[in-house]
């Protein structure tokens, strides 16, 4: 997958923005970065879009800025010249797609049916937009098309919101979703950038779905671990579940059979996507991770410890 698309996948959400005043472009870009969503698809629906992309790309380089609603080759040239790192179109225009591929532009054309996807495959693309997502059949339609087109991934846009975002992202053929609920035109036009930052953070944290998983208790040896776990089970009726290195008392208490990370033990926090959580916590909240502690399955990080202890407990993220 293209490097820019990999970065968008790590973010998970691509705000689709309409800018009517170029003076709002840079404050908006900074608000998105501060909110943990350092990317934007600026639609070419307004005369201000080109200059907005130029200012965003120049003054907020940490933002991945792209152009949306690209309908012509001329718009593609203007968007790229302004600093756009990717192009998105609502439909599949073979002339525009071929032109962008020839020029080396990253384009994600719109698809809504199998024939569109087949054109994209023929053009050599492996990531396409699915638009308008909800109106075109939503997640069931995407899953149905992934049956015959196993190597294609999707970026659905249209009708995506905070309530259905996670259902889309849970499907591994979807790299990210485009949406506008956190960047409504009224918020941009009124300069409510603090509100946009707040909505972005809320969107990311809902996407990541942080929840308590379990607490780990360190023990000197297996006998002590068995006694500790057994006592919890005796008192509270928890299930006694023994594993190679630990014994669980119910789902929330893990008693290690040896001393482990953390002065007092460890706390596990579940998330919907460990890799997206790492990016957000690292880039937005300055959290450092112990890379040597990472568990990787099928090329994806599924668990990792923070470098710091909190209240004497090591903390790790868990898929």
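Rule-based calculations on the coordinates, nothing more; no lab input. Nothing here was measured: the structure is a model prediction, and the numbers come from that model. Please note: Cβ atoms are built from the backbone with ideal geometry, for glycine as well, and neighbour counts cover all protein chains shown.
Relative contact order for the chain using alpha-carbon pairs under 8 Å, separation at least 6, rounded to a whole percent? Can you show the working numbers first?
Values: 650 pairs, mean separation 44.4, N = 319.
That works out to 14 percent.
Taking only C-alpha pairs under 8 Å that are 6+ residues apart, what is the relative contact order of segment 196-269 in percent?
Averaging sequence separation for qualifying contacts and normalising by length gives 40 percent for segment 196-269.
From zero up to wherever the largest Cα-Cα distance of the chain sits, split into 20 Å bins and tell me the percent of pairs in each.
Cα pair-distance distribution for the chain, in percent: 30, 48, 20, 3.
So for segment 211-318, averaging the separation of alpha carbon pairs under 8 Å that are six or more residues apart and normalising by length, what relative contact order in percent results?
On the way: 219 pairs, mean separation 29.0, N = 108.
Worked out over segment 211-318, it gives 27 percent.
Arrange the following residues from fewest to most other Cβ atoms within 10 Å of their Cβ: 18, 4, 97. Don't skip to the end; give the middle numbers.
Values: 18 20, 4 15, 97 25.
Going from least to most buried by this count: 4, 18, 97.
Per Stokes-Einstein, at 37 °C and 0.692 mPa s, what whole-number D in µm² s⁻¹ belongs to segment 90-225, with the Kirkwood radius over Cα pairs as the hydrodynamic radius?
188 µm²/s
Let me know the shape class of segment 157-224, please: from the alpha-carbon gyration tensor, a ≥ b ≥ c as square roots of the eigenvalues, rounded when a/c is under 1.5, otherwise prolate if a/b is greater than b/c, or oblate.
Oblate shape, in that a/c is at least 1.5 and b/c is the bigger or equal ratio.
Tell me, how many Å apart are the Cα centres for segment 240-272 and for segment 52-121?
After rounding, the separation between the Cα centres reads 48 Å.
Considering segment 1-137, what Rg and Dmax in Å follow from its alpha-carbon atoms?
Cα-based Rg and Dmax for segment 1-137 come out at 14.3, 41 Å.
Quick one: grab the alpha carbon gyration tensor of segment 1-74, order the square roots of its eigenvalues as a ≥ b ≥ c, and give me rounded if a/c is under 1.5, else prolate or oblate depending on whether a/b is larger than b/c.
Details: a/c = 1.88, a/b = 1.18, b/c = 1.59.
Note, shape of segment 1-74 comes out oblate.
Quick check: the distance between the Cα centres of segment 188-208 and segment 212-230, to the nearest angstrom?
When both Cα centres are located, 41 Å separates them.
Work out how far the C-alpha atoms of segment 244-319 reach from end to end along every principal axis, then list the three figures in whole Å, largest first.
34, 30, 21
Where does each of 107, 304, 37 land when they are ranked from fewest to most other beta-carbon atoms within 10 angstrom?
So the ranking, lowest neighbour count to highest, is 304, 107, 37.
Please give the FRET efficiency for residue 81 paired with residue 21, using the beta carbon to beta carbon distance and R0 = 30 Å, rounded to the nearest 0.05.
Efficiency, from the Cβ-Cβ distance: 0.90.
In nm, to one decimal, how far is the modelled label at residue 288 from the one at residue 308, with both set 7 Å along Cα→Cβ?
1.1 nm
Per residue of the chain, what 222 nm ellipticity follows from adding -39500 (n - 2.57) for every DSSP H run with n ≥ 4, rounded to the nearest 500?
-11000 deg cm²/dmol
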